[in-house]
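Read the structure below first, then the notes.
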């Protein structure tokens, strides 16, 4: 059977249940939860160039994506869809990986995980603006409160406003561009299929990511510890591709409103991995800040999902790569 879309595939698999959707979603989130700690291993502990890590991992993922698209003989997107894929690629394939790679050279992985935890709410906001969806007032209150909590965490962790560094700004920008990219990707997934959307975005961004990778190599040959290289490979193969396959499959099986909330455990897992893998000291401010941001994001998502104008078929793809 030719695989034209995830939706087509699921029609021929009636035995799939909501539990299967949750399990696939949890598998994707588990894969993503290592992204921040492993990026920190590569750029901070391993000494790799942030450009090489951020762009190179997209090059690796694009190769796998291109093979998957060729093997399954996917129909090429239209001209309009390519334009929208450019938005997805700018935020998900280029913006988020590059910005977080630079940010994590100076801030702990646990710190980055807390700030990035606002991404689900940011994606929900971007989707609402993009679709002109009417939502409850409580949705905007939760989204704004979550943003303020994330900023407050950065201020407290830095010892005051003077302690806020460029890395915090990069993380915030990463959340914004990724949220926009995921929101557009959620809309495109209805037309192109779930995993196909991220695959086409990776292919579209491949020339630029390859150029940046080659420039980085030309400036300085990449070098790093075995742990750094292992982290880099994981980021390219799992964080940028296989994790998305599992995540989008879970969303496609659904129920999407329920599966999308699984992503809220990602910052908890990332903070735990930061402690176990990197030996970071997880203080009370990190725990409190993380929980507060997660609660705000959960309130925003549930408030939006309970809106009378919410479309149940929409794929909420608000999770970090």
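None of the figures in this text is laboratory data; all of them are computed from the coordinates on show. What you see is a predicted model, and the numbers here were worked out from it, not measured in a lab. No Cβ is skipped: glycine too gets one built from the backbone with ideal geometry, and neighbour counts run over all protein chains shown.
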Förster-model FRET efficiency, 51 Å R0, residue 71 and residue 141, C-beta, rounded to 0.05: 0.65
Once both label points are put 7 Å beyond Cα along the C-beta direction, the residue 169-residue 295 separation in nm becomes 3.1 nm
Under the 0.36 nm per residue contour assumption, what length would be gained going from the current alpha-carbon distance of residue 130 and residue 214 to full extension? 26.7 nm
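Convert 25 °C to kelvin, take the viscosity as 0.890 mPa s, use the Kirkwood radius over C-alpha pairs of the stretch 22-305 as Rh, and evaluate the Stokes-Einstein diffusion coefficient in µm²/s, rounded to a whole number.
130 µm²/s
Normalised by the residues of the stretch 22-305, what does the relative contact order come to in percent, with Cα pairs under 8 Å and at least six apart?
Relative contact order here is 44 percent.
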Label-to-label distance, nm, for residues given as residue 265 and residue 78 (7 Å Cα→Cβ offset): 3.9 nm
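Where does each of 145-152, 261-268 land if you order them by average Cβ count within 10 Å, highest first? Don't skip to the end; give the middle numbers.
Details: 145-152: 19.8, 261-268: 21.4.
Those peptides, ordered most packed to least, come out 261-268, 145-152.
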Inter-label distance, nm, simple model (7 Å from Cα along the C-beta direction), residue 233/residue 191: 3.8 nm
Within the stretch 262-298, name every residue whose backbone N is under 16 Å away from a label modeled 7 Å from Cα of residue 225 along the Cβ vector. 274-281
Using R₀ = 22 Å, calculate the FRET efficiency as 1/(1 + (r/R₀)^6) where r is the Cβ-Cβ separation of residue 106 and residue 281; round to 0.05. 0.85
